[in-house]
There are 2 protein chains.
Amino acid sequence: MSDIARLAGVHVSTVSRALAGSPLVEAGKRKRIEQLAREQGYVVNPVARSLRLKRTQMVSVVIPLQHEAGQPLTDPFFVAMLGHLAEAITQRGYGMHLQKVVLPTHEWLAELIASGRSDGVVVIGQSTEHETLQQAADSYPPLVVWGGRIPGQKYCTVGSDNPGGAEAAVRHLLKTRRRRIVFLGDPTGPELRQRYEGYLRALREAPRGTAPPRVVPAHLTPDAASLAVRECIRAGEPFDALFAASDVIAISAIRALAGEGLAVPRDVAVVGFDDIPLAAHTTPSLTTVRQDVEGGARTLVDLLFRRIEGEETESVVLPVQLIVRESAPA
Amino acid sequence: MSDIARLAGVHVSTVSRALAGSPLVEAGKRKRIEQLAREQGYVVNPVARSLRLKRTQMVSVVIPLQHEAGQPLTDPFFVAMLGHLAEAITQRGYGMHLQKVVLPTHEWLAELIASGRSDGVVVIGQSTEHETLQQAADSYPPLVVWGGRIPGQKYCTVGSDNPGGAEAAVRHLLKTRRRRIVFLGDPTGPELRQRYEGYLRALREAPRGTAPPRVVPAHLTPDAASLAVRECIRAGEPFDALFAASDVIAISAIRALAGEGLAVPRDVAVVGFDDIPLAAHTTPSLTTVRQDVEGGARTLVDLLFRRIEGEETESVVLPVQLIVRESAPA
DNA sequence: ATGAAAGCGCTAACAA
DNA sequence: TTGTTAGCGCTTTCAT
C-alpha cells in the first residue's frame, strides 16, 4: 500500500481511504488511486486489515466427529450441507474456513473462538459436544449449530424435526403391517437420539402384538452398518423392518440383507433418513425421511449473520417429509 | 498475551517463546506459562501471528465455475473432492479456506494470491481459466490444479487420464457392437475436451461402418443434459450408444431415454465418467470410468505442500478404470 | 481534503 | 536466559 501511496504522491492513509471508498477523499484522486492499484495488481492485505479491524470477514465451519471418528468428510449429507453453506457464506462476501475436528479435546471450540480466526462459527452436528456448546454459548453469541434442539440449551440450533420424522417413518411401517421393527443406529448424539425417541414414541402407540423396541448400534460408516446387520441377522432374532438412522446406514443395510438372502421389502422393509441423492436410485429405491439441507444451510447462515450483528435469535426446527419408495412401499 | 506476561511476571517475548516451545526459555518457566495460558483460556491470535510471520497456515481451495454458473456446489465429484481435500489439509495442521468463484473476472486468482490470505492455492477444475493459471504460475509456485494436462502448461496439475479413460469407454462400446456413438457433453474446458479427444481417437480406429463422431453439447447440470438428449432423439438421427462426459450427465440421459421410450442398454448403451457413488445404484447401473478422487485429493495436497516448501513438482496423471455395469454390459 | 501518528497482537534480531 | 525494540500492513483519530 505504501508503494501505491508513493506512486500516487499521497500518504498511505489517503490510499487506505480511497480504496475503502471514503467520500472524504476527492473523487478524481480516488479514481487515480484505484486505477493505480489495479495496474499494480495491488489488493489490500486482509490479514493486516483483520488485525486492525478485529473483524476477519470469515466464518468458521466445524464438523466435530467423535464416535464417528472413522467417518471421513464424505457423508453425502454433511457434504451437501458444506456446499450450501459455502454458497450462502460467500454470497455475503465472507470467506469460509473449514475445519474438521476429530476426537474433540473439549477445548476445540473455546480455542477456535479465542483465536479470533473468524467472526462467527457454524458447528455441523452436536455429536457429543452439547456441554462444550453450552459453555461457549454464554460468552460467544455468533454461534449456530446444526442439530437437535435440547431442553435447556443455550445455543442456537437449526435442525430437522427428527422425532417427528422418525415417528412418521415408523408409523408408516406399522401401517404396512410390520410388527418387528429394529432401530439401526447409535443413538448417542442428540440428533440420532431424537430419531430414536421418535421411534419409541411410534412404537408406544403400536398395535398389540408389536415387538418391543430394539436397537442395533451401527456407526455412520457403510462397513460398520453392514456388519451390524449381519450380526443382527445371525443372532437369529426375527425382524421384518429396519428403521435406519441415516440413508448411508440404510443403504448398506439393504446390501447386507441381500447378502444374507433376505429380500427388501418382501422379508424386511427398510426406511432411512436424509434422502440423499442416492436414495432415489438404489434397488430397491429407498423410503426415507427427507431433510431440507439447502434450507437448513441458508437458515444457519442467516441466523449466524443476525447474531454477528448482535441480534438474538431463536432456534429453528425444520419440517421433514416422508418419501415413500420401494424399500418400504405403501 | 500481554496479560499472560503480566500474570507470569515476565515479558511478552518470553511468553511468545514459551508458547512456541522455544528451548531458550527455562523449562520450569515454560511449564508455568503454558499452564497459565491454559487456565486463562488464552490462545495465540493467528491473525497477528500471520501478519508478523507472513505465513497464514491456510490453504485456499477454489472452484471456478464459469459456464456452469447455475451449478451449485453440489456436483458429487467436486463435493467428494472437497471432503478429501479438507481431510488432507487439516491433517497437516493447516486450515482450509474454501472459495467458490462464479463467472471468474480474470483477476480472481491474482487477487487471491496478492491478498496473501493463504500459503497455497488448490484450484479444482481448469474450467476455461487456463490462461489465468498460466500467468499466475510464473510468479506463484504454491499452486496446484486439478484438471487435464495441457501441452506447454506452466502450472502443476493433478488429474485423471481423461483421454485414456474415454478411449477405453468407447472401445468397450465398439467391442460390444455399438456403431453409432454420440459424445454427450460440452468439450469446452480441458478435461472434457480431453475426454472428447479420447472418444475421437477410439473412433478413428473403429471398424468400417461406424458412424462418424457426433457431439451433443450438454452442460453438467441434470436438466440441461436431459433436454439435450431429448432434442437429440427428436432430431431423428439414430444412435445406439452415448458416451457421457460425466456420470451426472449419463444418469439424466438415461432418464431422458426412458422418457422417450428407449431402453438402456437394449436400444442405447450408456457410459459415464467419474464413478460417483450413485453410479452403482441406478437402474440400470452405470458403466463408467472411475476416477480416483481420494488419491487425487491426496496427491494435490502432497504436491502443494512440497511446492510451499520450495520444491519443484511435476504434474501427475492418475490412471482410471473402466467399470462395466449394466448400462453398457460386456 | 489530507497528513501524522498510534496501535491492532505477535515474533525475532539484537542487546544485556 | 530474558528484556528491549522494531515492524508486519493496515485503519482511524486527531490535527492541520
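Give the ranking of A:100, B:154, A:175, A:29 by solvent-accessible surface, highest area first, calculated with a 1.4 Å probe. It would help to have the intermediate numbers written out before the result.
Numbers: A:100 30, B:154 115, A:175 150, A:29 65 Å².
From most exposed to least exposed: A:175, B:154, A:29, A:100.
What residue among A:64, A:101, A:50 has its Cα farthest toward the positive end of the dipole of the range A:6-102, where the charges are +1 on Lys, Arg and -1 on Asp, Glu, each on the Cβ?
A:50
Quick check: the angle from helix B:247-259's long axis to the longest principal axis of chain B, C-alpha only, nearest 10 degrees?
40
What angle, in degrees between 0 and 90 and rounded to the nearest 10, separates the Cα long axis of helix A:27-40 from the longest principal axis of the Cα atoms of chain A?
In chain A, helix A:27-40 runs at an angle near 60 degrees to the longest axis.
Could you give the dipole magnitude of the protein assembly as shown about its Cα centre, charging the beta-carbon of Lys and Arg +1 and that of Asp and Glu -1, in debye to the nearest 20? Provide the component values of the computation, followed by the final result.
Numbers: 74 positive and 72 negative charges, 69 e Å.
Result for the protein assembly as shown is approximately 340 debye, rounded to the nearest 20.
For chain A, take the longest principal axis of its alpha carbons; what is the angle in degrees between that and the long axis of helix A:130-139, to the nearest 10 within 0 to 90?
30
What distance in nm separates the two pseudo spin-label positions at residue A:6 and residue A:208, each 7 Å out from Cα along the beta-carbon direction?
9.4
For every helix of n ≥ 4 consecutive DSSP H residues, a contribution of -39,500 (n - 2.57) applies; sum these over chain B, divide by its total residues, and give [θ] at 222 nm rounded to the nearest 500 deg cm²/dmol.
-13500 deg cm²/dmol
Could you tell me whether the protein assembly as shown comes out rounded, prolate or oblate from its Cα gyration tensor? Rule is a ≥ b ≥ c as square roots of the eigenvalues, rounded for a/c under 1.5, then prolate if a/b exceeds b/c, otherwise oblate. Before the final figure, lay out the partial values.
Values: a/c = 2.09, a/b = 1.19, b/c = 1.75.
Because a/c hits 1.5 or more and a/b fails to exceed b/c, the protein assembly as shown counts as oblate.
Over the whole of B:35-42, what's the average partner chain Cβ count within 10 Å per residue? Rounded to a whole number, please.
On the way: counts 0, 0, 0, 1, 0, 1, 6, 2.
So the per-residue partner count for this stretch is 1.
Using only the Cα atoms of the range B:162-291, build the gyration tensor, take square roots of its eigenvalues as a ≥ b ≥ c, and label the shape rounded, prolate or oblate: rounded if a/c is under 1.5, else prolate if a/b is larger than b/c, else oblate.
On the way: a/c = 1.30, a/b = 1.10, b/c = 1.18.
Rounded, since a/c falls under 1.5.
Rounded to the nearest 10 Å², what accessible area does residue A:94 show when all protein chains are kept and the probe is 1.4 Å?
40
Averaged across the residues of A:281-289, what count of C-beta atoms belonging to other chains lies within 10 Å of each residue's C-beta? It would help to have the intermediate numbers written out before the result.
On the way: counts 10, 5, 6, 1, 2, 1, 0, 0, 0.
Mean shielding count: 3.
Taking the Cβ of residue A:95 as the centre, find all other residues whose Cβ is under 14 Å away and add up their charges (Lys, Arg: +1; Asp, Glu: -1).
Working: positive: A:49, A:55, A:92, A:117, B:100, B:117; negative: A:87, A:119, B:111.
Result for the neighbourhood of residue A:95: +3.
Tally up the carbon and sulfur contribution to the accessible surface of the range B:27-127 as a whole percent, 1.4 Å probe, everything protein left in place. Before the final figure, lay out each step's value.
Values: 2190 of 4270 Å².
It is 51 percent, rounded to a whole number.
Any idea how far apart residue A:326 and residue A:292 come out in nm if each label point goes 7 Å out from Cα toward Cβ?
According to this spin-label approximation, the distance is 3.0 nm.
Let's test the formula: R0 of 60 Å, r as the Cβ-Cβ distance of residue B:201 and residue A:52. What FRET efficiency results, to the nearest 0.05? Working shown, then result.
On the way: r = 57 Å, r/R0 = 0.95.
Once the sixth-power term is evaluated, E becomes 0.60.
If you place +1 on the Cβ of every Lys and Arg and -1 on the Cβ of every Asp and Glu, how big does the dipole about the Cα centre of the range B:261-330 come out, in debye to the nearest 20?
Numbers: 6 positive and 11 negative charges, 67 e Å.
Value, rounded to 20: 320 debye.
If you take each beta carbon of peptide A:54-65 and count the beta carbons of other chains within 10 angstrom, what is the mean? Numbers along the way, then the final one.
Values: counts 2, 0, 2, 0, 5, 0, 1, 3, 0, 3, 0, 0.
Average per residue, whole number: 1.
The values are calculated or read from the model by the stated rules, or taken from the named source; none is laboratory data. Given the structure is predicted, the values throughout are model-derived calculations rather than measurements. No Cβ is skipped: glycine too gets one built from the backbone with ideal geometry, and neighbour counts run over all protein chains shown. What goes into the accessible areas is simple: the full protein's heavy atoms, side chains included, and nothing from ligands, DNA or RNA. Shrake-Rupley method; radii C 1.70, N 1.55, O 1.52, S 1.80 Å.
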